[in-house]
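Student: Here you go, one structure.
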Amino acid sequence: MLPVIKTNGAMDNHRHQRAPFAAAKRRVNMKLFASITLLWSCWLLLCQNHLSNDIASNIQLSTIKSTTAEKRLAGSSIINSSSGETSSKPADTDSSHADVSTASQPPPTNRSLVIIMGNLRGGEQAWQSLYKNVLDVNSADLALIIGQTNTTSNVLYPKSSLYTRAKYIWTFREYDDWADAIDLINGTEWRETHLPWFTQKRTGLLGGVEGYFGSGAIIFMIRWFLSQHLLENPDVLNRYERFLITRADHYYQCSHEYTNLDLSNSTLWVPQGEAYGGYTDRHLIVSRSNVLDALDIFPTLFQQTNKQIQDWIAVGTPESILKRVWKSKGLHVKTTKRVMFTCATHWDTSRWKRAKGDVPGVPGLLKKYESEYNMTQQNCPALVGEEIVGKRSE
């Protein structure tokens with residue numbers, strides 16, 4: 001039989017006394033736990049909000065960076081307006097402000113236009129000198145105004161590099177009798193009122209009109225055709241600040257930096273020499289504000305009365321008419337050093353003068369006017385094998 005263990009009465013009384021304190025302690029612990037839990041929940045909530053804000057900020061920043069990158073990529077695409085090709089350059093790693101500035105700037109635009117009038121002559125050696133010593137050094141665009149290729153000597157150069165280089169190509173009709181072209185200006189009345197006064201048939205002024213020698217009527221009507229193209233294309237006229245009007249058969253022996261010439265005060269520039277009682281008709285530099293007046297030769301000539309026309313055509317050369325017309329329009333003419341001479345290949349044709357004499361240093365090229373060539377040699381380094389070897393003494 002197991003012994004019976006009796007509880008000590010003092011212990012029981014102690015336990016009964018501790019019970020209320022234990023309950024109170026449990027209540028305090030529960031409240032403390034609840035408070036800690038509440039604080040923990042609040043802390044978690046604050047962290048969650050802070051994290052959400054960080055995420056939102058990062059998303060917004062990422063969006064801004066993405067947009068900036070897209071703008072930078074768009075801004076790095078440069079379109080060549082003459083060829084239509086698109087080339088890309090590496091994106092900048094600078095600030096978005098720099099990117100926006102780059103994107104908002106238009107591509108650089110050439111502000112000068114070289115216009116070649118008449119038939120294609122001179123050959124590739126002459127045209128390469130044009131590109132190197134005229135177009136490239138002046139950041140100039142090129143235009144051609146030439147006879148229709150199926151009716152002129154342009155058929156000699158069907159693959160001319162001029163066609164590739166030119167930004168604008170205009171053509172005009174070739175005439176058997178260029179009096180028919182003159183009729184386009186103001187009708188046929190001039191044939192009765194003015195034509196009888198042109199008795200000098202060998203001076204070149206009406207060359208191209210039946211019975212007259214030279215090419216004066218042709219070159220002045222091409223100027224009129226050019227003026228009509230400019231009037232019909234005001235975007236071309238307004239795009240360029242200055243114009244160089246010349247011919248295809250010039251060989252430019254050294255740099256022709258015509259964009260440095262002062263065109264203020266209605267000033268025109270022509271190269272020295274070959275004046276023949278006026279100003280050379282082979283090369284002209286003129287501002288946008290004066291180009292139409294400078295081209296307005298035959299319309300002004302045929303506006304003169306009988307007495308005036310006799311005085312104006314007394315010398316009878318195309319060069320002398322340029323001087324008369326430009327003076328009447330208040331244009332001031334200055335001359336610049338000659339750095340080019342008229343040339344030809346063996347198969348080129350001409351209405352006025354055949355080329356003769358080889359050009360030293362340029363095999364296969366002929367010089368047309370000895371005086372032009374000699375003046376060019378005074379102003380440019382000599383050529384040997386198309387390479388500059390030294391500057392001639394003045």
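The values are calculated or read from the model by the stated rules, or taken from the named source; none is laboratory data. In this text, all values refer to a predicted model and were calculated from it rather than measured experimentally. We place every Cβ from the backbone using ideal geometry, glycine too, and count neighbours over all the protein chains shown. Please note that ligands, DNA and RNA were not included when accessible areas were found on the heavy atoms of the full protein model with its side chains. Shrake-Rupley method; radii C 1.70, N 1.55, O 1.52, S 1.80 Å.
Student: State all residues of region 330-357 that are within 29 Å of the chain's Cα centre (by Cα) and over 26 Å from VAL155 (Cβ atoms); if no residue qualifies, say none.
Tutor: Selection gives LEU331, HIS332, VAL333, LYS334, THR335, THR336, LYS337, ARG338, VAL339.
Student: Scanning for something closer than 30 Å to ASN110 by Cα and either out of contact with any Asp or Glu (no Cβ under 8 Å at 6 or more places or on another chain) or open to solvent by 80 Å² or more (accessible area, probe 1.4 Å) (or both), does region 174-193 turn up at least one residue?
Tutor: Within region 174-193, not a single residue is closer than 30 Å to ASN110 by Cα and either out of contact with any Asp or Glu (no Cβ under 8 Å at 6 or more places or on another chain) or open to solvent by 80 Å² or more (accessible area, probe 1.4 Å) (or both).
Student: Could you check how many residues of region 330-343 are open to solvent by less than 10 Å² (accessible area, probe 1.4 Å), within 26 Å of LEU263 (Cα to Cα) and not charged (D, E, K, R)?
Tutor: 3
Residues checked against (1) closer than 19 Å to VAL209 by Cβ; (2) of a type in the set (Lys, Arg); (3) open to solvent by 80 Å² or more (accessible area, probe 1.4 Å):
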residue: ALA294; (1), (2), (3): no, no, no
residue: GLN310; (1), (2), (3): yes, no, yes
residue: THR317; (1), (2), (3): yes, no, no
residue: THR345; (1), (2), (3): no, no, no
residue: VAL359; (1), (2), (3): no, no, no
residue: GLY364; (1), (2), (3): no, no, no
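Student: Output the residue which, of all residues in region 107-126 that are part of a helix (DSSP H, G or I) and touching a strand residue (DSSP E or B) at 6+ places or on another chain (Cβ under 9 Å), is surrounded by the fewest Cβ atoms within 10 Å (Cβ to Cβ).
Tutor: GLN125
Student: Here is a further query. Can we say LEU226 is in a helix (DSSP H, G or I) and not basic (Lys, Arg)?
Tutor: Yes.
Student: Restricting to region 236-253, name every residue that is over 18 Å from TYR163 (Cα atoms), open to solvent by 20 Å² or more (accessible area, probe 1.4 Å) and outside any helix (DSSP H, G or I).
Tutor: GLU241, ARG242
Yes/no matrix, rows are residues, columns are (1) more than 30 Å from GLY364 (Cβ to Cβ); (2) in contact with a strand residue (DSSP E or B) (Cβ under 6 Å, 6 or more places away or on another chain); (3) not charged (D, E, K, R):
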site	(1), (2), (3)
GLN200	yes, no, yes
GLY204	no, no, yes
PHE220	yes, no, yes
TRP224	yes, no, yes
GLU232	yes, no, no
ILE245	no, yes, yes
TYR258	no, yes, yes
ASP262	yes, no, no
GLN272	no, yes, yes
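Student: On to the next question. Return only the number of the condition from (1) more than 24 Å from ASP183 (Cα to Cα); (2) in contact with a Lys or Arg (Cβ under 9 Å, 6 or more places away or on another chain); (3) among the small types (Gly, Ala, Ser) that GLY316 does not satisfy.
Tutor: Of the numbered conditions (1) more than 24 Å from ASP183 (Cα to Cα); (2) in contact with a Lys or Arg (Cβ under 9 Å, 6 or more places away or on another chain); (3) among the small types (Gly, Ala, Ser), the odd one out for GLY316 is (1).
Student: Which one of these does LYS327 not meet: (1) touching a strand residue (DSSP E or B) at 6+ places or on another chain (Cβ under 6 Å); (2) open to solvent by 80 Å² or more (accessible area, probe 1.4 Å)?
Tutor: LYS327 satisfies all of (1) touching a strand residue (DSSP E or B) at 6+ places or on another chain (Cβ under 6 Å); (2) open to solvent by 80 Å² or more (accessible area, probe 1.4 Å) except (1).
Student: Conditions first: (1) touching a helix residue (DSSP H, G or I) at 6+ places or on another chain (Cβ under 6 Å); (2) touching a residue at least 24 places away in the same chain (Cβ under 8 Å); (3) not polar (S, T, N, Q). TRP312 passes all but one, so which condition is the exception?
Tutor: Failed condition: (2).
Student: Inside region 194-235, can you point out the residues that are open to solvent by 20 Å² or more (accessible area, probe 1.4 Å), within 30 Å of SER289 (Cβ to Cβ) and of a type in the set (Ser, Thr, Tyr)?
Tutor: The answer is SER215, and nothing else.
Student: I'm told GLN148 meets every condition in (1) in contact with an Asp or Glu (Cβ under 8 Å, 6 or more places away or on another chain); (2) surrounded by fewer than 17 Cβ atoms within 10 Å (Cβ to Cβ); (3) within 27 Å of GLY361 (Cα to Cα) except one. Can you identify the failing condition by its number?
Tutor: All conditions pass for GLN148, except number (3).
Student: With the checklist (1) hydrophobic (A, V, I, L, M, F, W, C); (2) closer than 14 Å to VAL114 by Cα; (3) free of Cβ contacts under 8 Å to residues at least 40 places away in the same chain in hand, flag the one item VAL209 doesn't pass.
Tutor: (2)
Student: A further question on this structure: Free of Cβ contacts under 8 Å to residues at least 12 places away in the same chain and among the charged types (D, E, K, R): which single residue out of ASP296, ASP348, ASP358 fits that description?
Tutor: Exactly one residue qualifies, and that residue is ASP358.
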